[in-house]
Amino acid sequence: MNQYVFENIADQAPDRFTVLEECYDPVSRAQLMRTGVGPGWRCLEVGGGGGSMGAWLADAVGSTGQVVVTDVEPGRMHDLRHRENVQVWRHDITHDPLPEGEFDLVHARLVLLHLPQREDVLPRLVRALRPGGYLLLEDFDCGHVPVLAAPGQSEAALFERVHEALMDQLRAAGADPLWGRKLFAALTAGGLDGVSATTYAEAWRGGETGVRLHHANTEQLRARLHARHVTEEDLQAFWALLQDRRFAVASYPLISARGRLPVGRPEARS
Ligand SMILES: C[S@@+](CC[C@H](N)C(=O)[O-])C[C@H]1O[C@@H](n2cnc3c(N)ncnc32)[C@H](O)[C@@H]1O
């Protein structure tokens, strides 16, 4: 059974995708461009969410290329369905069949962090690559989100307490909030060549786009947070703080780790 807690059918999903698109798509696009992705490439976008990265890849590979975009709940990818070089699959990356030796590029952003089976999924993604193909995995390191400014100490403490309860809830569902910092080692252990990684973070000020991610996430898990002793009053104060211009928090650092399946050694380690 899929344990992903932020299901796409929820009302908060569009807000989540807006933040991810506005704050992180430029970073991901720059990382993808470093692979040289271009006309004729065959790409796999795993857990495509709102579909913005799949759409960008479709433009990059053009009419001679193809992009397969998967998701357990692909209903939010409105912009993708009319594109001739895109296939959208309702697909669970933990166990549904996946072609092997097929893709020039496999990309997954903020998917494996959530999956208890992440260490089994990674070799599946490697096996999906053709020799010389690139794997780009991007995940958060949720262990570094310091409050950068707050109206007072009690407000900073409130943010930290609610955020920690959210992380507890993710861990209880099998997520690894620190998975981003483990990507470099995981790709190396997966047998990829030329593994590299970059980290991106910025300040998110109250009232701006980025903090809407914290609002969407805590609102969607409201009932579970109540069960973790975060009261409705706490949440109301937390959401008010997210609108306060005196408040700022570091964004989740996005770790982008990239490696290449060696040419001449098509059998990836499992
Ligand atoms: C945090 S969202 C990230 C969406 C998108 N990759 C992005 O960065 O904007 C995680 C996505 O992974 C999808 N997902 C969760 N579990 C999955 C699974 N087992 N197989 C495929 N997709 C999954 C979710 O439905 C959701 O769309």
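Magnitude of the Cβ-charge dipole of region 13-260, K/R +1 and D/E -1, about the Cα centre, nearest 20 debye?
Working: 26 positive and 33 negative charges, 77 e Å.
It works out to roughly 380 debye.
Between Glu202 and Arg29, what is the label-point separation in nm under the 7 Å Cα-to-beta-carbon projection?
The answer from the label model is 1.3 nm.
Within region 104-134, list the residues whose amide N lies under 14 Å from a label point set 7 Å along Cα→Cβ of Ala185.
119
May I ask you to list the GluC sites (Glu not before Pro) in region 54-153 that are in a DSSP loop and have at most 13 other Cβ atoms within 10 Å of their Cβ? Mind dumping the intermediate values first?
Numbers: sites: Glu84, Glu100, Glu102, Glu119, Glu138; in loops: Glu84, Glu100, Glu102.
The qualifying sites are Glu84.
So for region 13-260, taking the charge dipole from beta-carbon charges (+1 Lys/Arg, -1 Asp/Glu), which of Ala227, Gly152, Val86 sits furthest toward the positive end?
Val86
Restricting to bridges with both residues inside region 13-260, how much of the DSSP beta-bridge set is antiparallel, in percent to the nearest 5?
Details: 18 of 37 bridges.
Antiparallel bridges: around 50 percent, rounded to the nearest 5.
Just how much of Glu22 is accessible, in Å², when a 1.4 Å probe is used and the result is rounded to the nearest 10?
Glu22 has an accessible surface of roughly 110 Å² with all protein chains in place.
In the chain, what percent of the accessible surface is made up of carbon and sulfur (1.4 Å probe, ligands and nucleic acids excluded)?
Details: 5650 of 11610 Å².
Reported share for carbon and sulfur atoms: 49 percent.
Can you give me the C-alpha center-to-center distance between region 114-162 and region 216-248, rounded to a whole angstrom?
20 Å
By how many degrees, 0 to 90 and rounded to 10, does the Cα axis of helix 52-61 deviate from the longest principal axis of the chain?
Helix 52-61 and the main axis of the chain meet at about 20 degrees.
Through the Karplus equation 6.51 cos²θ - 1.76 cosθ + 1.60, θ set to phi - 60°, convert the phi angles of region 123-137 into ³J(HN,Hα) values in whole Hz; use x for Gly and Pro.
For region 123-137, the Karplus-derived couplings read x, 5, 5, 5, 5, 6, 7, 7, x, x, x, 9, 10, 10, 10 Hz, x marking Gly and Pro.
How much length, in nm to one decimal, is gained on full extension between Glu22 and Ala157, taken as 0.36 nm per residue of separation minus their Cα-Cα distance?
On the way: separation 135, 0.36 × 135 = 48.60 nm, distance 2.76 nm.
That pair, Glu22 and Ala157, stretches by 45.8 nm at full extension.
Averaged per residue, what accessible area in Å² does region 1-122 show with a 1.4 Å probe, protein chains only? Walk me through the numbers on the way to the answer.
Working: 5220 Å² over 122 residues.
Accessible area per residue, region 1-122: 43 Å².
The values are calculated or read from the model by the stated rules, or taken from the named source; none is laboratory data. Just so it is clear, the structure is predicted and the values come from calculations on it, not from any experiment. Neighbour counts are summed over all protein chains in view; Cβ atoms, including those assigned to glycine, are modelled from backbone coordinates with ideal geometry. The accessibility values were calculated without ligands, DNA or RNA, using every heavy atom of the protein model including side chains. Shrake-Rupley method; radii C 1.70, N 1.55, O 1.52, S 1.80 Å.
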